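Engineer: Just passing along the structure, written as structure tokens.
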């Protein structure tokens, strides 16, 4: 392999998926001699890689693909590493003519698993499959896990939190891009009660209202809720940070947490980058798709009694069967020191 290669890595979205590409970025920069590594992603996700010391330049995808194509032509790359492999990246590969190594998304295998529950999945983490994409360049997985780099301006002091949370706290990321990836409210209450430690809730502005309801249940018990839940000890302390801080600041709080509870979402992968102990909660999707926490201690919480799981490789806005048993009947069986 010649030295001084100039390589473009493409992964347009989303947060968790971009974090999962970081071992590839690191391998390209460290294992190749004097390589220049550029990364292309959507403009809204550029912050995910702008602080990565293994990335020399970030190219941003906007609504105008022709602008991006012109930039790629101008840079004169030796190779493209296509870790997204969709229609737009296919256009880029075709119109630039640059030699490309494209990620195998296993669409057929996932389709068979979702529709017929026929498991032809390789049993590998997606990071290992990303690394297989760049294996022709002589790269090997360094087994060091994921990377997440927090800029200095976004590093949060524990003093930002209320006094009861400053010694030790647990993060619970209550969000999820799709409804069927999130616990029902009643199960969120049960989970927080079982944790029974100071909990910092993380999520976006869209999760703010749910976070307030959870906090109020334990602080005021003002919600009309199932009688069994009213019997809980209600001693759990909750701070609702949903929608209050940006992604990097949320990552900073994750880094300082004692444990992290998360649905199948980005915070789970950010926590894995910091080698946190993770309790990973799965609804309509399954860990077998290869997106479970990477290179860190974790416990999977899921309902494995259902014949309808997985019902999607991504998620839905409501349960296709109408019962939502994957989350409503999940057993929250775990223990904390």
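Bear in mind these aren't lab numbers, they're just calculated from the coordinates by the rules spelled out. What you see is a predicted model, and the numbers here were worked out from it, not measured in a lab. Positions of Cβ are generated from backbone atoms using ideal geometry, with glycine treated the same way; all protein chains shown enter the neighbour counts.
Engineer: Criterion first (farther than 21 Å from residue 45 by Cβ, part of a helix (DSSP H, G or I) and over 16 Å from the mean Cα position of the chain (by Cα)) does residue 207 satisfy it?
Structural biologist: Answer is no for this residue.
Engineer: Within the range 1-20, how many residues turn out to be in contact with a strand residue (DSSP E or B) (Cβ under 7 Å, 6 or more places away or on another chain) and under 21 Å from residue 86 (Cβ atoms)?
Structural biologist: So the answer is 8.
Engineer: Let me ask something else about it. Checking the structure you have, find out if any residue of the range 311-321 is at positive phi, crowded, with 18+ Cβ neighbours inside 10 Å and touching a residue at least 60 places away in the same chain (Cβ under 8 Å).
Structural biologist: yes
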